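Participant: Dropping a structure here in structure tokens format, bear with me for questions.
The values are calculated or read from the model by the stated rules, or taken from the named source; none is laboratory data. None of these values were measured; they are calculated from a predicted model. All Cβ positions, even for glycine, are placed from backbone atoms using ideal geometry, and neighbour counts span all protein chains on display. Calculation scope for accessible area: heavy atoms of the full protein, side chains included, ligands and nucleic acids excluded. Shrake-Rupley method; radii C 1.70, N 1.55, O 1.52, S 1.80 Å.
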Amino acid sequence: MKKLLPVCLGAALCLLGGCGSDTSNENIVIVYNWGEYVDPDTLAMFEEETGIEVVYDEFETNETMYPKIENGAAEYDVVCPSDYMISKMIQNDLLLELDFSHIPNAKSNIGSQYWDQSRTFDPENKYSVPYCWGTVGILYNKTMVDEPLTSWAQLWDEKYTDEILMQDSVRDAFMVAEKMYGYSMNTTDPDELQRAMNALIAQKPIVQAYVVDQVRDKMIGGEAAIGVIYSGEAIYTQYENADLEYVIPSEGTNVWIDSWVILKDAPHKENAEKFIDFMCREDIALKNFEYITYSTPNEAAKALIEDDEIRNSPIAFPDLTQYDNLESYTYLGEEADEVYNELWKEIKSY
């Protein structure tokens, strides 16, 4: 299950600049990952088994992670970006082509469909190894709404004023409006983007907050009735509050993959390969799945899940063939990125 990580757990969870770690030491690997996105026990196990110290840093969104990588603000080895951001990093020559002979668990344990999906952002599967995947949907409290929620359009219903949580992420926020209108979530059409922006501006007065990880805690605590959430978060919330229901809206949504990559200028490439291979080991992948509750692409780990309800969960492992209009984000280019960011600033300024 996903839990708040301590800032420092021995050597395993030392953030850069903290806990006194010497990042010039050759016997380390420097990891940059999403917050609360790994079981800290697996980091300690890696250190014990390999003798390699893990220096661990966290980010909240792809957009906050990327500038730090691009500017070389820290000498990271391993990073875990999302699909479209990996495409951007490939295009900007920031990633190392992987030597899979040094990462054998990746090829033997990751399911073929996830390698196929990865081709949308890493066409030859040269640079990335799938770590987690899932969907984006609506989480709602059945005791706080008077109808099942099945459509993105219901997030514009004024009867839910101050009960709606939206993602504080430009692509995820725009995706909701774009899908509501039947557009691709990768659209760069100016008229479609303008209409999506206007819809988000019109929605803003009834939105309680734009948040990221806080969606989970607010929904568990009954502080909001409806939230846009990642499927892995939804699984955890249902453990904590049985009144919560997750749905993929009828208009479609984002199917995403977060993957391990090694930076081209990584100072500890061999240690980075060992770290990724360790994370792809079935027992380690299982521990991470059970801790963070985000779906694993590791088929060997999935086979080890003892709870039939979890292994067959339509949230954790949905049959995507039953849904229409599912897409993955693609990198749209610098110009389109700037357009999205400017429109997002305009929305947030209201």
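Participant: From the C-alpha gyration tensor of the range 108-239, pull out the three semi-axes of the equivalent ellipsoid (sqrt of 5λ each), sorted largest to smallest, in whole Å.
Facilitator: On the way: eigenvalues 162, 88, 26 Å².
Over the Cα atoms of the range 108-239, the semi-axes work out to 28, 21, 11 Å.
Participant: Which three lengths, in whole Å and largest first, does the range 266-316 cover when its Cα atoms are put on their principal axes?
Facilitator: 42, 16, 15
Participant: At 20 °C and 1.002 mPa s, what whole-number value in µm²/s does Stokes-Einstein give for the translational diffusion of the range 195-350, with Rh from the Kirkwood sum over Cα pairs?
Facilitator: In µm²/s, the coefficient rounds to 115.
Participant: Further question: Kirkwood Rh over Cα pairs of the range 196-255 into Stokes-Einstein at 10 °C, 1.306 mPa s: D in µm²/s?
Facilitator: Translational D for this selection: 125 µm²/s.
Participant: Using C-alpha positions alone, give me the convex hull volume of the chain per residue in cubic angstrom. If you can, show how the numbers build up before the last one.
Facilitator: Numbers: hull volume 46.0 nm³, N = 350.
Expressed per residue, the convex hull around the Cα atoms of the chain is 131 Å³.
Participant: Oh, and also: Could you check the simple spin-label distance between PHE100 and LYS142, using points 7 Å along Cα→Cβ, in nm with one decimal?
Facilitator: Using points 7 Å along Cα→Cβ, the separation is 4.3 nm.
Participant: Treat every Asp and Glu Cβ in the chain as -1 and every Lys and Arg Cβ as +1, leave all other atoms uncharged, and give the resulting dipole magnitude about the Cα centre to the nearest 20 debye.
Facilitator: Numbers: 24 positive and 65 negative charges, 52 e Å.
In total the dipole reaches around 240 debye.
Participant: When only alpha-carbon atoms are used, what values of Rg and Dmax, in angstrom, describe the range 73-127?
Facilitator: Final numbers for Rg and Dmax: 11.8, 35 Å.
Participant: Please give the per residue accessible area of the chain, computed with a probe of 1.4 Å over protein heavy atoms only, in Å².
Facilitator: Numbers: 14170 Å² over 350 residues.
Per residue, the chain has an accessible area of 40 Å².
Participant: What's the ranking of 118-129, 52-63 by average number of surrounding C-beta atoms within 10 Å, highest first?
Facilitator: Peptide ranking by packing, descending: 52-63, 118-129.
Participant: Calculate what fraction, in whole %, of the accessible area of the chain sits on carbon and sulfur atoms when a 1.4 Å probe is rolled over the protein chains.
Facilitator: 46
Participant: Amide H neighbours of LYS264 under 5 Å, at least 5 residues apart or on other chains, H built in the peptide plane: list them.
Facilitator: Residues meeting the amide H criterion: LEU95, LEU96.
Participant: Please give the calculated 222 nm ellipticity per residue for the chain, where each DSSP H segment of at least 4 residues contributes -39500 (n - 2.57) and the sum is spread over every residue; nearest 500 deg cm²/dmol?
Facilitator: Computed mean residue ellipticity for the chain: -10500 deg cm²/dmol.
Participant: Of the listed peptides 270-277, 41-48, 173-180, what is their order by residue-averaged count of other C-beta atoms within 10 Å, with the highest listed first?
Facilitator: Sorting 270-277, 41-48, 173-180 by mean packing, highest first, produces 173-180, 270-277, 41-48.
Participant: Same structure again: Give the Cα extents of the range 287-350 along the principal axes, in whole Å, largest first.
Facilitator: Its Cα atoms span 48, 27, 24 Å along the three principal axes.
Participant: To check my understanding: the extent here is largest minus smallest coordinate of the Cα atoms along each principal axis. What are those three numbers for the range 159-213, in Å, largest first?
Facilitator: Here the spans come out as 31, 24, 14 Å, largest first.
Participant: Follow-up. Using modelled backbone amide H atoms (1.01 Å from N, in-plane), which distant-in-sequence or interchain residues come within less than 5 Å of VAL207's amide H?
Facilitator: HN-HN under 5 Å from VAL207: ASP162.
Participant: Also, I was wondering about something else. Tell me, what ³J(HN,Hα) does each residue in the range 261-272 have, in order and in whole Hz, if you take phi through Karplus 6.51 cos²θ - 1.76 cosθ + 1.60 with θ = phi - 60° and put x for Gly and Pro?
Facilitator: Karplus-based 3J(HN,Hα) across the range 261-272 equals 9, 10, 5, 4, 9, 4, x, 9, 4, 5, 5, 5 Hz.
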